[in-house]
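This report concerns only the one structure given below.
Every number in this text was worked out from the coordinates using simple rules, so none of it is lab data. Not measured: the values here are computed from a predicted model. We place every Cβ from the backbone using ideal geometry, glycine too, and count neighbours over all the protein chains shown.
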Amino acid sequence: MKAGVIAVQGDVAEHAAAVRNAAAAHDESAAVVEVRDAGVVPDCDVLLIPGGESTTISRLIHREGIAAEIEAHVAAGKPVLATCAGLIVCSNDAKDERVEALGLVDVSVDRNAFGRQKDSFEAEIPVAGLDDPFHAVFIRAPLIDDIGGGVETLATVGGRAVAVRDGPVVATAFHPELTDDPRIHDLAFFPEREVVA
Ligand SMILES: NC(=O)CC[C@H](N)C(=O)O
């Protein structure tokens with residue numbers, strides 16, 4: 001499996017490690033490429049859009065011609081995992097003119113809504129499809145506010161969605177790449193496969 005991590009800004013190395021771990025759990029190997037230029041995404045089977053700073057990621061993926069390739073990847077039904085800033089970039093509307101949202105996940109977000117109250121928190125949260133709770137790390141996390149009818153909510157905190165699936169895209173307000181637990185990467189990339197011990 002060839003996995004592309006959008007690497008214009010954000011926590012790229014952590015996603016690379018997590019997707020390798022997720023693939024290893026299926027006795028597969030993931031060849032990870034860091035995407036900084038156009039022309040790489042079309043060869044990727046799966047994509048990861050990391051946490052970081054959504055205004056910067058948005059500006060650079062449009063400037064480098066990567067944004068349109070991400071859109072084509074999703075239009076072809078290929079999986080994407082987008083976390084935190086990645087979720088903001090993939091949303092319909094980030095309510096911030098500096099973020100040219102890709103509209104790949106039918107939600108609107110409030111960029112730093114959780115962050116304004118508290119910069120960072122961690123919580124054990126149940127996630128649809130996982131047997132045990134997931135240790136979720138929230139850092140200046142976005143709040144998902146409007147959710148389209150075709151979007152599946154995978155996890156909530158305080159009644160608010162924090163993980164969603166829209167077709168081939170799984171998006172989280174938290175950072176599954178910052179723990180050693182590959183189960184969210186697994187959900188995104190191996191949705192119908194049995195984990196090999
Ligand atoms: N940890 C994060 O990715 C924070 C994202 C941040 N709220 C932003 O707008 O980019």
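Just to be sure, is GLU14 over 14 Å from VAL80 (Cβ atoms), among the acidic types (Asp, Glu) and surrounded by 15 or more Cβ atoms within 10 Å (Cβ to Cβ)? Answer is yes for this residue. Candidates ALA171, ALA155: the one that is within 12 Å of the ligand (Cβ to nearest atom), under 18 Å from VAL80 (Cα atoms), touching a residue at least 24 places away in the same chain (Cβ under 8 Å) and assigned to a strand (DSSP E or B) is ALA171.
Looking across the range 68-94, the residues that are part of a helix (DSSP H, G or I), away from the ligand (no atom under 13 Å from the Cβ) and crowded, with 18+ Cβ neighbours inside 10 Å come down to GLU69, ILE70, HIS73, VAL74.
To keep it simple, each residue is scored yes or no on (1) within 16 Å of the ligand (Cβ to nearest atom); (2) aliphatic (A, V, I, L, M).
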| site | (1), (2) |
| --- | --- |
| ALA7 | yes, yes |
| GLY10 | yes, no |
| HIS15 | yes, no |
| ALA22 | no, yes |
| ASP27 | no, no |
| VAL35 | no, yes |
| VAL40 | no, yes |
| CYS44 | no, no |
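Go over the candidates ARG160, ARG98 one by one and state the one that is over 24 Å from ASN21 (Cβ atoms), touching a helix residue (DSSP H, G or I) at 6+ places or on another chain (Cβ under 7 Å) and among the charged types (D, E, K, R). After ruling out the rest, the residue left standing is ARG98.
Residue check: is ALA136 under 22 Å from ASP166 (Cα atoms), more than 10 Å from the ligand (Cβ to nearest atom) and aliphatic (A, V, I, L, M)? Yes; evaluated as a whole, the condition is true for this residue. The set of residues in the range 95-112 being more than 8 Å from the ligand (Cβ to nearest atom) and either part of a loop (DSSP other than H, G, I, E, B) or surrounded by 21 or more Cβ atoms within 10 Å (Cβ to Cβ) (or both) consists of LYS95, GLU97, ARG98, GLU100, ALA101, LEU102, GLY103, LEU104, VAL105, ASP106, VAL107, VAL109. If you filter the range 46-67 down to residues that are charged (D, E, K, R) and part of a helix (DSSP H, G or I), you find that the one that is nearest to the ligand (Cβ to nearest atom) is ARG59.
Scanning the range 84-128 for residues that are in contact with a Gly (Cβ under 9 Å, 6 or more places away or on another chain) and either closer than 20 Å to ILE184 by Cβ or of a type in the set (D, E, K, R) (or both) returns CYS84, ALA85, GLY86, LEU87, CYS90, SER91, ASP93, LEU104, VAL105, ASP106, VAL107.
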